[in-house]
1. 222 nm [θ] for the chain, helices only, -39500 (n - 2.57) per DSSP H run of 4+, per residue, to 500?
2. Solvent-accessible area per residue for the chain at a 1.4 Å probe radius, Å²?
3. Rounded to the nearest angstrom and ordered from largest down, what semi-axes does the equivalent ellipsoid of the stretch 20-151 get from its C-alpha gyration tensor (root of 5λ)?
4. How high is the relative contact order of the chain, in percent, with contacts defined as C-alpha pairs under 8 Å that are six or more residues apart?
5. With a 1.4 Å probe and all protein chains kept in place, how do V84, V128 rank by accessible area, largest first?
6. When the accessible area of the stretch 36-178 is split by element with a 1.4 Å probe, what percent falls to carbon and sulfur?
7. Between E33, E83, E106, which gets the highest mean-square fluctuation from a Gaussian network model of the chain, Cα cutoff 10 Å?
8. I need the fraction of alpha carbon pairs in the stretch 89-177 separated by more than 18 Å, rounded to a whole percent.
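The values are calculated or read from the model by the stated rules, or taken from the named source; none is laboratory data. Small disclaimer: the values here were computed from a predicted structure and weren't measured. Heads up, the Cβs are rebuilt from the backbone with ideal geometry, glycines too, and the neighbour counts pull from every protein chain shown. Ligands, DNA and RNA are stripped out before the accessible areas are found, and what is left, the full protein with its side chains, is counted by its heavy atoms. Shrake-Rupley method; radii C 1.70, N 1.55, O 1.52, S 1.80 Å.
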Amino acid sequence: MRTVKRWLDRSLTAQAVLIILLGVGGLALLNPEAKLVGTLITAAFYTCVAIGILAIQRRRACRVAGTDARGYADLNHKIRHREVPQSPDERDAMRRLVGLQLRDMELAGRWLPYLLWLVGIVGVLLMVLGAATGQTAEALGIAVMTALFVVLAWQRHRNLDRHRYMREALQEEREPVA
């Protein structure tokens, strides 16, 4: 499992395969009467958009950190596991990457409470409407998507904690060992 996770961290192709498989499955669940070709084309379009956004974000982060895609994946792995790098070059790259990602997360977080309320209200309304009209599968799907959004918001909180910890750890000046 560790190998698969590392492969997904480093490879946009692996991420594209996973996104298209999940997209086809999700679209088939939402619209079982749809043709397979139409579902594949729609999933491929969504995959292209998602991978395009990921590639742009990864390229920007690599440029800021001054590293390549593999180094970027390794730095993110160290952030997730709270491993402070020892080499000065890697610490500097980590400091720049943490600063960029933390700034982006905090900027996006300004709208998070409003977005959570909106998703909650719309989710509850759609579940009630689905249950009232007898479309329980759609109501269940919306309940699952609302729960996933809440899990993503919780994951964002954990990521903020990790990045703040790393920023503090990197700002501490360690005295050289004699």
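1. Details: 7 runs with 149 residues, N = 178.
The per-residue figure over the chain is -29000 deg cm²/dmol.
2. 71
3. Sorted largest first and rounded, they come to 38, 21, 12 Å.
4. Relative contact order for the chain comes out at 20 percent.
5. Of V84, V128, the descending order of accessible area is V128, V84.
6. Carbon and sulfur together cover 66 percent of it.
7. The residue that fluctuates most here is E33.
8. Numbers: 2338 of 3916 pairs.
Tail of the P(r) past 18 Å holds 60 percent of the pairs.
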